[in-house]
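Scroll down for the structure; my scribbles are underneath it.
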Amino acid sequence: MPMNTAKISAALGLFVALGSASAQSASSIHVFHHENVLGTSMELKLRTANDAQAQKAEAAVLHEIDRENRILSAWSSTSEFSRWVRTQNKPVHVSPELFDVLNLFDHWREQTGGALDASAETAVRTWKLASVENRTPTDAELTKAVGVMQHPHWSLDAAHHTATHLDEAPIALNSFAKSYISGHAADAALAAGATGVLVNIGGDIVLRGAITERVAITDPRAQAENDEPMDLVRLSNRTIATSGDYRRGFDIHGVHYSHIVDPRTGATAENVISSTVIAADPATAGALATAFSVMSPKESARLAGSMRNVDYMLVLRDGTTITSAHWSARELPRLTAASYAPAKKAAPALDLLINVELSRLDDPRYRRPYVAVWVEDGDHYPVRTIALWFQKPRWLPDLKAWYHADQIRNLTEGTDISTTVSSATRSPGKYTLRWDGKDNAGKPVKPGKYTVYVEAAREHGTYGIIKQEINWDGKTPAVFNDKGNTEIASASFDYGKHN
């Protein structure tokens with residue numbers, strides 16, 4: 001039976017789900033997941049006629065990403081960009097890609113009035129150094145940083161295709177380089193024979209050709225990966241990028257400061273906590289998502305209004321949501337699950353936060369294991385599948401404990417949970433899931449003993465499972481920490497009241 005698959009992209013702010021339109025049959029969509037791609041995870045969906053063509057297109061995508069990373073990486077000392085940065089006041093003939101990205105930074109620096117600047121790293125380092133001493137930067141330190149950032153950092157000669165590095169200000173191309181590379185990778189897949197392609201690298205998503213995707217934007221205030229998304233849109237032949245302060249930043253005297261810094265003032269971006277931009281061009285989406293995080297909503301509206309095919313959604317610190325005029329035309333209807341009202345007003349409910357860390361391999365690019373997280377009652381009946389992360393349906397039986405439990409549930413309920421549970425890719429690290437005490441139908445479970453399982457299996461590889469019993473009584477908080485294994489580095493279970 002064909003399966004619908006879905007992708008939650010946190011980190012970095014997006015939840016992606018494969019549409020179920022008849023024109024997009026699962027049999028022609030091939031899905032690949034890779035870790036450690038440009039420092040994060042990648043999901044690749046390809047519409048091709050057969051497996052061989054999909055493998056060819058996948059190889060083309062990976063080749064293009066590696067090629068451009070060797071040019072544009074600010075983290076590799078051997079990249080063309082890093083070698084160029086080590087020069088000064090000397091015209092250097094550079095590749096078309098590096099010239100193009102430097103030229104785009106000049107364009108967006110002017111368009112945003114300085115809100116987007118490759119030298120923002122100067123102010124970021126000022127904040128990092130101050131945070132080590134558990135203090136905020138002084139006015140003098142920020143003024144000095146702003147002075148450095150406002151100088152020109154390079155000059156370009158289009159006639160000779162040279163770039164001259166002018167100063168020693170630290171610069172990085174990470175504002176939109178990931179989206180830029182993703183766009184070229186998608187084009188490479190089409191050139192290799194794919195008719196439709198989705199490239200999702202760390203939440204920057206590029207769609208090309210005959211593929212349509214439902215994309216839900218994560219609520220920046222959510223605690224868990226599977227919390228309700230903020231909004232849901234349908235896209236084709238577009239790029240969507242999200243930038244926000246809810247994943248990284250500086251904690252000073254108990255106050256969290258954004259890692260995004262306004263190059264015009266040196267101050268951290270505190271008013272806009274999430275900005276999502278939809279555009280036809282990948283570099284445009286990536287650049288504006290970063291710029292709108294530091295610009296005022298009025299400035300963002302004015303700039304977006306001067307451009308074609310740009311839509312956005314901003315989430316402010318006070319919870320206000322601001323969208324562009326045509327954003328609603330992209331939104332999809334939301335279904336509200338049935339609620340079961342208690343007989344009388346109850347105190348705030350306890351729920352369970354499940355923290356899972358997948359083991360990392362030494363391989364610089366490896367396939368993520370399949371993972372299932374589910375809950376069974378005292379009779380070993382599976383009452384809720386919380387997460388199911390997989391690539392190819394035929395390998396789901398490798399999650400042998402979950403698969404066996406789900407077959408038991410199928411016999412009594414007559415439904416296939418694997419067609420409704422999200423399939424997700426996660427970047428390396430720790431991930432948080434929430435169980436709200438409801439079963440697969442959305443009905444609260446009865447008080448009693450329940451066991452939470454975390455199972456991971458790699459295709460033709462290693463296997464690991466962790467289980468933890470919870471006394472779900474609604475009144476006794478408890479925290480459990482479990483040792484890891486080959487596939488699951490660690491897991492913890494926090495039963496209590498959470499915002």
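How would you classify the stretch 168-259 from its alpha-carbon gyration tensor, with a ≥ b ≥ c the square roots of the eigenvalues: rounded for a/c under 1.5, else prolate if a/b is greater than b/c, otherwise oblate?
oblate
Applying the Karplus parametrisation 6.51 cos²θ - 1.76 cosθ + 1.60 with θ = phi - 60° to the phi angles of the stretch 266-281, what ³J(HN,Hα) value in whole Hz is obtained for each residue in order, glycine and proline being reported as x?
x, 7, 6, 7, 10, 7, 9, 9, 7, 9, 10, 10, 10, 8, 6, 9
If you plug each phi of the stretch 138-146 into the Karplus form 6.51 cos²θ - 1.76 cosθ + 1.60 with θ = phi - 60°, what whole-Hz ³J(HN,Hα) values come out, in order, with x for Gly and Pro?
Couplings: 6, 4, 5, 5, 6, 4, 5, 5, 4 Hz.
With a Förster radius of 45 Å, plug the Cβ-Cβ distance of A441 and S306 into 1/(1 + (r/R0)^6) and report the FRET value to the nearest 0.05. List each step's numbers first, then the result.
Working: r = 49 Å, r/R0 = 1.09.
Using R0 = 45 Å, I get an efficiency of 0.40.
Can you give me the Cα centroid spacing of the stretch 177-213 and the stretch 269-316 in angstrom?
21
Return the subset of K178/K400; K45/K443; K128/K483; K400/K446; K128/K178 for which the Cα-Cα distance in this structure is over 29 Å, preserving the input order.
K178/K400; K45/K443; K128/K483
If each of D482 and R234 carries a label point 7 Å out from its Cα toward its Cβ, how far apart are those two points in nm?
Going from the D482 label point to the R234 one covers 4.0 nm.
Subtracting the Cα-Cα distance from 0.36 nm times the residue separation, let me have the gained length for A140 to R360 in nm, one decimal.
Stretched out fully, the A140 to R360 stretch lengthens by 75.0 nm.
Can you work out the FRET efficiency for the pair V132 and S77, with r the C-beta to C-beta distance and R0 = 22 Å, to the nearest 0.05?
It comes to 0.40.
What fraction, in whole percent, of alpha-carbon pairs in the stretch 147-194 exceed 13 Å separation?
71
Please express the shape of the stretch 91-182 as an equivalent ellipsoid: the semi-axes are the square roots of 5 times the eigenvalues of the C-alpha gyration tensor, given largest first in whole angstrom.
28, 14, 12
Looking at the stretch 99-179, which GluC sites (Glu not before Pro) are in a loop (DSSP not H, G, I, E or B) and have at most 16 other Cβ atoms within 10 Å?
Here the sparse-neighbourhood loop sites are E133, E168.
Every number in this text was worked out from the coordinates using simple rules, so none of it is lab data. In this text the structure is predicted, and so the values were computed from the model without any measurement. Don't worry about glycine lacking a Cβ; one is built from the backbone with ideal geometry, like all the others, and counts go over all protein chains shown.
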